[in-house]
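Notes to accompany the following structure.
The values are calculated or read from the model by the stated rules, or taken from the named source; none is laboratory data. Note that the structure is predicted; figures quoted are calculated from it, not measured. So basically every Cβ, Gly included, is an ideal-geometry build from the backbone, and we count neighbours across all protein chains shown. Side chains are part of the model used for accessible areas, which takes the heavy atoms of the whole protein and leaves out ligands, DNA and RNA. Shrake-Rupley method; radii C 1.70, N 1.55, O 1.52, S 1.80 Å.
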Amino acid sequence: MIFIADYGAGNLHSVRKAFEYLGIRAVVSSDPRELGDFRKVLLPGVGAFGQAIDSLNSSGFTDALLEHMDKGRHLLGICLGMQLLLGESEEMGRHKGLNLVPGNVLHFRSETDKIPQIGWNSVDMKKECVLFRGIPDHTFFYFVHSYYCEPDNPEDSVATTWFAGKNFCSAIEKNGIFAVQFHPEKSSGAGLQVLKNFASC
């Protein structure tokens, strides 16, 4: 069973429906106290980093997520949920993140590419990883974002994607922490496979 954190910044129900389509039970909850009963937690996110991290902090989800990881359990961040796992973001000022993956969230800068990135783009795998089992290299997934993650340790990045002159980190795996910049729930069969892989790992 998957716990989907409802902290006011996510397309929660499309993710839940994707799990249900796969026959995997998923629970959406705004109560961080319930999180302790689950081995797998999903942190979705759509919107601005600062508002989202403030919501996590004020709701109690920050402490619950950190405790969850201290117990050696699994966490999947999607889109903004991925960015929140890093140490700091430059979106509309400087904001501290959860720092589960040391690094920065940076804004795309380009004179030729239209930002935000909206649409399908290929994901290039740097090494074998759990999330992409059974998925061919260079598979296309659906992205919507203006900011990207840059982990301090390049080994934390398991896949990259090319956009706006930048080969940015599009997936992370580290000690039970999983994250993708794209939206698996909007990425057809390949996206469903990513969710299935997380649920079964």
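With all protein chains present and a 1.4 Å probe, how do 73, 109, 94 order by accessible area, largest first? Walk me through the intermediate numbers first.
Numbers: 73 60, 109 165, 94 135 Å².
Most to least solvent-accessible, the answer reads 109, 94, 73.
With θ set to phi - 60° and the Karplus curve 6.51 cos²θ - 1.76 cosθ + 1.60, what are the ³J(HN,Hα) couplings of segment 56-62 in order, to the nearest whole Hz, using x for Gly and Pro?
4, 5, 6, 7, x, 5, 4
Using DSSP to define loop residues, name the trypsin sites (Lys or Arg not before Pro) in segment 128-193 whose beta-carbon has at most 14 other beta-carbon atoms within 10 Å. List each step's numbers first, then the result.
Values: sites: 133, 166, 174, 186; in loops: 133.
In loop regions of segment 128-193 (DSSP not H, G, I, E or B), the sparsely surrounded trypsin sites (Lys or Arg not before Pro) are 133.
Only loop residues by DSSP count here, and only those with at most 11 other Cβ atoms within 10 Å; note down the GluC sites (Glu not before Pro) in segment 84-139 that meet that.
On the way: sites: 88, 90, 91, 111, 128; in loops: 90, 91, 111, 128.
Passing both the DSSP loop test and the Cβ count: 111, 128.
How do 161, 139 rank by accessible surface area computed with a 1.4 Å probe, from largest to smallest? Please list the in-between numbers first.
Values: 161 0, 139 25 Å².
Solvent-accessible surface, decreasing: 139, 161.
Calculate the dipole size of the chain relative to its Cα centre from +1 charges on Lys and Arg beta carbons and -1 charges on Asp and Glu beta carbons; express the result in debye to the nearest 20. Intermediate values should be presented prior to the final figure.
Values: 19 positive and 23 negative charges, 102 e Å.
It works out to roughly 480 debye.
Under unit Cβ charges (Lys, Arg +1; Asp, Glu -1), what dipole magnitude, rounded to 20 debye, does segment 76-183 have relative to its Cα centre?
On the way: 9 positive and 13 negative charges, 32 e Å.
Value, rounded to 20: 160 debye.
What are the ³J(HN,Hα) couplings of segment 42-50, residue after residue, when phi is run through the Karplus curve with 6.51, -1.76, 1.60 and θ = phi - 60°? Round to Hz, x for glycine and proline.
10, 10, x, x, 9, x, 8, 4, x
Tell me, how many Å apart are the Cα centres for segment 6-75 and for segment 88-129?
Comparing the Cα centres of segment 6-75 and segment 88-129, I get a distance of 20 Å.
Once label points are set 7 Å from the Cα along Cα→Cβ at both residue 144 and residue 22, what is their separation, rounded to one decimal in nm?
In this crude label model, residue 144 to residue 22 measures out at 2.0 nm.
Between residue 1 and residue 128, what's the calculated FRET efficiency when r is the beta-carbon distance and R0 is 30 Å? Round to 0.05.
Values: r = 27 Å, r/R0 = 0.89.
After rounding to 0.05, the efficiency reads 0.65.
Please arrange 31, 63, 137 by accessible surface area, largest first, computed with a 1.4 Å probe and ligands excluded. Write out the running numbers ahead of the final one.
Details: 31 35, 63 110, 137 70 Å².
So the residues, ranked largest to smallest area, are 63, 137, 31.
With an 8 Å Cα cut-off and a minimum separation of 6 or more residues, compute the relative contact order for the chain in percent.
Values: 452 pairs, mean separation 39.4, N = 201.
Relative contact order here is 20 percent.
With θ set to phi - 60° and the Karplus curve 6.51 cos²θ - 1.76 cosθ + 1.60, what are the ³J(HN,Hα) couplings of segment 156-173 in order, to the nearest whole Hz, using x for Gly and Pro?
Going residue by residue, I get 6, 8, 9, 7, 10, 9, 8, 7, 6, x, 10, 8, 8, 6, 10, 7, 10, 9 Hz, with x marking Gly and Pro.
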